[in-house]
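Below is one structure, written out as structure tokens, with a few remarks after it.
What follows is calculated from the coordinates using simple rules that are stated; it is not laboratory data. Model, not experiment: these values are computed from the prediction. Because the Cβ atoms are built from the backbone with ideal geometry, glycine has one as well, and the counts that use them run over all protein chains shown.
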Amino acid sequence: MPASFPAARYRRTRQSAAIRGLVRENTLTTDDLIWPVFVRDGEGVEEPVPSMPGVVRRSVDKIVEAAIEAHALGIPAVCLFPYTDPSLKTEDCAEAWNPDNLSNRAIRAIKAAVPDLLVMTDVALDPYNINGHDGYVVDGEIVNDETVEALVKMTMAQADAGADIIGPSDMMDGRIGAMRSALESAGHKNVMILSYAAKYASAFYGPFRDAVGASGALKGDKKTYQMDPANSDEALRLIERDLNEGADMVMVKPGMPYLDICRRAKDTFGAPTYAYQVSGEYAMIQAAAQNGWLDGEKAMLESLMCFKRAGCDGVLTYFAPAVARILNGR
């Protein structure tokens, strides 16, 4: 048991920046950051996303510039999300595994320009689905097994394009095992899978759906495949399953409202664990800062530190370049 007051004065180790730094339990570095970026057609395009202040959709050439910036800032990875032309959205979602779709062109361009930067991708059908869902819709049902077959084709196209990390965000059953088997069979044995293992049916995704053009297309909701926000034990079962099927890393999404899940996942499995500070979390902080209701920079840094405290090894965050500049003293 610790000594009692006055032998124990806990403020002794808070009295200066030097001692606070010396006893600090968690540290945030650029190595903890994955930067989600949005890619769209065109050339020389940087198109603002109104519901995400400071975030833009970039054409492939501008995505390459962003990747070069990320690498220079010490950010180890970017994650690509496509804004697909509505004319390419279909029932069969065939654009998802087109070798020359937006994501695959961006992967090749980034790896050619910055080969040491890790490129993560998104694996789900919603950017390509005329119905806006992560899986095929048959008679009003989001079907599982047929969707998994499509997701495997999407995975292979991304791996062939040079993706380092595959990010299945679809929440279909059995997709990790199917993807891992296909990757091994095709010789992509070093391609990693960062599974969105515990992805909740959350209200915090709205701005992201605006960014990828899925808001207007979505029919119904995603509650039959994304997790119930009331559940915690289920998240651990899903994480364990995905690790057993071949996921190298796991993710909890959203982030701050689910820090308890991050902590339980890390304590239970000890696997590399990540959180996605999603668009709604980002937009809330930005909106409050723009209205003068809080200090945006301090809130940004505090929000990211809480992920480290909860056991996360890293965070997908739209704040990545801003945080990296602060950490680098720029």
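Under 15 Å from the 7 Å Cα→Cβ point of Glu146, by amide nitrogen: which residues of the range 104-140?
125, 129-140
For Arg263 and Asp160 in the same chain, what is the full-extension length gain: residue separation times 0.36 nm, less their Cα-Cα distance, in nm?
33.6 nm
How much length is gained on full extension from Glu184 to Glu25, taking 0.36 nm per residue of separation minus their Cα-Cα distance?
Answer, rounded to one decimal: 53.3 nm.
Non-local amide H neighbours of Met227 (under 5 Å, H modeled in plane, Pro and chain starts lacking H): which ones?
Amide H to amide H, under 5 Å and 5 or more residues apart or across chains, Met227 pairs with Lys199, Tyr200, Ala201.
Name the residues whose placed amide hydrogens come within less than 5 Å of the amide hydrogen of Arg57, ignoring near sequence neighbours (fewer than 5 apart) on the same chain.
It is Glu47, Val49, by chain and number.
Of Lys111/Lys298; Lys153/Lys189; Lys153/Lys222, which sit over 25 Å apart, Cα to Cα?
Listed pairs above 25 Å: Lys111/Lys298.
If the cut-off is 21 Å between C-alpha atoms, which lysines fall inside it for Lys266, apart from same-chain ones fewer than 8 positions away?
Lys199, Lys253, Lys308
Count neighbours as other Cβ atoms within 10 Å of each site's Cβ, and list the trypsin sites (Lys or Arg not before Pro) in the range 164-245 that are DSSP loop with at most 13 such neighbours.
Lys189, Lys219, Lys223
By count of other Cβ within 10 Å, fewest leading, how are Val45, Val212, Val78 ordered?
Ranked by crowding around the Cβ, least crowded first: Val45, Val212, Val78.
Applying the Karplus parametrisation 6.51 cos²θ - 1.76 cosθ + 1.60 with θ = phi - 60° to the phi angles of the range 297-311, what ³J(HN,Hα) value in whole Hz is obtained for each residue in order, glycine and proline being reported as x?
Rounded to whole hertz, the list is 5, 5, 5, 4, 5, 5, 4, 6, 4, 5, 5, 5, 5, 7, x.
Gly44: net charge of surrounding residues, Cβ under 12 Å, Lys/Arg +1, Asp/Glu -1, itself excluded?
The answer is -3.
For the chain, calculate the relative contact order in percent as a whole number, restricting contacts to Cα pairs under 8 Å that are 6 or more residues apart.
18
Measure nothing but the geometry: give the 0 to 90° angle between the long axis through the Cα atoms of 175-185 and the longest principal axis through the Cα atoms of the chain, rounded to 10°.
Computed tilt is about 70 degrees.
Take the chain, connect every pair of alpha-carbon atoms lying under 10 Å apart with a spring to form a Gaussian network, then pick out the residue of Leu117, Leu194, Leu125 with the largest mean-square fluctuation.
Answer for the Gaussian network model of the chain: Leu117.
Counting Lys and Arg as +1 and Asp and Glu as -1, what is the net charge of the other residues whose Cβ lies under 12 Å from the Cβ of Asn129?
-3
Any chance you could check the Cα centroid distance between the range 192-250 and the range 1-41 for me, in angstrom?
One Cα centre to the other: 30 Å.
Give me the angle, in degrees from 0 to 90, between the Cα long axis of helix 102-113 and the longest principal axis of the Cα atoms of the chain, rounded to the nearest 10.
60
First measure r as the distance between the Cβ atoms of Asp173 and Thr13, then evaluate 1/(1 + (r/R0)^6) with R0 = 35 Å and state the FRET efficiency to the nearest 0.05.
0.10
For Asp160, what charge total do you get from the other residues with a beta carbon under 15 Å from its beta carbon, if Lys and Arg give +1 and Asp and Glu give -1?
Around Asp160, the charge tally is +2.
Explain nothing, just the number: dipole magnitude of the range 88-163 about its Cα centre with +1 on each Lys and Arg Cβ and -1 on each Asp and Glu Cβ, in debye rounded to the nearest 20.
Dipole size: approximately 560 debye.
Under 5 Å between amide H atoms, partner at least 5 residues away or on a different chain: which partners does Ile34 have, H built in plane at 1.01 Å?
Counting only residues 5 or more places away or on other chains, the set is Val315, Leu316, Thr317.
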